[in-house]
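Here the structure comes first, spelled out in structure tokens, and everything after it is commentary.
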There are 2 protein chains.
Amino acid sequence: MTVLSEVLEANGRYADAFGDKGELALPPARGFAILTCMDARLDPAKFAGLSEGDAHVIRNAGGRASDDAIRSLVISYKLLGTREWFVIHHTDCGMEFFTDEVMRGLLASSLETAVLGEKGFYDVGEGPGSSEAKYIDWLTISDQAASVTEDVTRIKAHPLVPARIAVYGYIYDVKTGRLTEVPDATAAGRATA
Amino acid sequence: MTVLSEVLEANGRYADAFGDKGELALPPARGFAILTCMDARLDPAKFAGLSEGDAHVIRNAGGRASDDAIRSLVISYKLLGTREWFVIHHTDCGMEFFTDEVMRGLLASSLETAVLGEKGFYDVGEGPGSSEAKYIDWLTISDQAASVTEDVTRIKAHPLVPARIAVYGYIYDVKTGRLTEVPDATAAGRATA
């Protein structure tokens with residue numbers, strides 16, 4: 001069976017048992033948002049105990065406080081009333097295994113999928129590639145705790161983020177499923193009004 | 001109980017029953033990615049039948065093909081091998097209820113949460129606000145199907161996205177939990193190599 005038919009079949013089962021979830025309101029019932037990584041091993045609803053309707057979930061490569069994540073967070077509080085945000089990066093994140101220079105080289109070489117060897121990613125594809133990658137900041141990570149603190153600090157310093165919002169910084173361990181606080185991040189993210 | 005302690009307590013229960021999920025590999029086992037909205041009512045793992053380890057999930061306000069979503073999708077195929085992507089917007093999306101002009105006015109007025117009335121959002125807070133909002137494209141939506149098609153088309157036209165990737169366009173109905181195809185989007189997103 002193809003991915004598409006598997007997804008649609010799973011969706012049919014979900015919709016058949018949808019119950020009263022069609023009555024949920026647009027604003028998140030529990031008033032918070034989570035910014036985390038797109039990594040397939042992470043299920044924020046499961047690891048943070050969310051039911052449908054509870055909280056906004058924003059995800060990108062790395063769980064980084066990109067301009068787009070900040071756009072989403074501002075919409076989250078300004079229009080939909082969230083008051084607390086979590087920034088959650090994770091162990092064994094793909095974003096730790098390359099740099100802007102590596103990614104630009106790989107994409108200039110080909111648009112095939114690279115292979116991860118002992119010395120990092122290398123390209124096996126035939127070209128052509130694209131030089132477009134040099135115009136993108138890939139937001140790679142060299143230190144998990146530092147990246148969480150950096151992102152919480154960026155969010156709190158943004159002129160569209162009010163001082164009353166508390167931002168918590170955590171790392172999710174993919175080996176155990178457990179969240180561990182990054183104290184420097186949470187200190188940087190405390191509500192000050 | 002506070003949101004923070006509730007989340008940590010739920011996480012403790014999840015970690016206690018983590019089982020063998022610590023063995024999951026970094027690349028998505030089922031080789032696909034979903035780009036969808038941060039809306040609290042959407043649980044992509046549930047509505048698309050994902051287990052931990054299956055697929056990348058990228059989420060932002062609207063599920064839009066922002067530059068940051070494209071950064072994430074390129075990492076998804078180039079380094080982690082995904083071959084099919086879903087763009088999923090949804091009914092009753094908050095992004096339909098305002099424009100750039102409205103958002104800029106609201107944020108210039110105050111950084112308090114606005115109220116949604118019959119004529120749209122209005123501000124009840126005391127200033128100061130910030131003029132920073134005018135430098136942000138809020139990526140609002142005026143027509144669901146058109147926005148899905150626009151986003152699939154943007155992704156397929158991006159120089160870092162190879163022709164072999166298939167992109168499917170769907171709308172999730174928050175009243176029923178069901179996915180409905182946007183045929184124009186899926187046609188625009190078909191693999192051509």
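None of the figures in this text is laboratory data; all of them are computed from the coordinates on show. Here the structure is a predicted model, which is why all the values come from computation and not from measurement. So basically every Cβ, Gly included, is an ideal-geometry build from the backbone, and we count neighbours across all protein chains shown.
The figures follow:
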| read-out | value |
| --- | --- |
| Two-decimal ratio, the range B:47-104, of alpha-carbon radius of gyration to 2.2 N^0.38 Å | 1.37 |
| Residue order, fewest to most beta carbons within 10 Å, for A:LYS175, B:LYS119, B:LYS156 | B:LYS119, A:LYS175, B:LYS156 |
| Nearby lysines by direct alpha-carbon distance to B:LYS175 (threshold 28 angstrom, same-chain neighbours under 8 apart not counted) | A:LYS21, A:LYS46, A:LYS78, B:LYS46, B:LYS119 |
| For the range A:53-96 versus the range B:119-181, the gap between their alpha-carbon centres in whole angstrom | 16 |
| Long-range Cα-Cα pairs in the range A:108-185 (distance over 15 Å), rounded percent | 73 |
| Sequence-distant residues sharing a close amide H with B:ILE58 (under 5 Å, placed H) | B:ILE34, B:LEU35, B:THR36 |
| Using distinct alpha-carbon pairs, which all enter the 1/r mean, Kirkwood radius of chain B in Å | 18.6 |
| In sequence order, calculated HN-Hα J values of the range A:73-89 (Karplus, 6.51, -1.76, 1.60; Hz; x Gly/Pro) | 5, 5, 4, 4, 8, 6, 9, 10, x, 5, 10, 9, 10, 10, 10, 10, 8 |
| Inter-label distance, nm, simple model (7 Å from Cα along the C-beta direction), B:SER51/B:GLU132 | 4.3 |
| Förster radius 22 Å - calculated FRET efficiency between B:VAL115 and A:HIS158 (Cβ-Cβ, nearest 0.05) | 0.45 |
| Test item: B:154-166 mean partner chain Cβ contacts at 10 Å | 3 |
| Overall dimensions of the protein assembly as shown by Cα: Rg and Dmax, Å | 19.7, 59 |
| Peptide A:180-193, shielding by other chains (average Cβ, 10 Å cutoff) | 0 |
| Partner chain coverage, peptide B:23-29 - average Cβ within 10 angstrom | 4 |
| Qualifying GluC sites (Glu not before Pro) for the range B:126-168 [loop in DSSP, other Cβ within 10 Å: at most 16] | B:GLU126 |
| Kirkwood-type radius of the range B:17-118, with distances r between different C-alpha atoms, in Å | 15.8 |
| Contact order normalised by residue count of chain A, Cα under 8 Å, 6+ apart, percent | 19 |
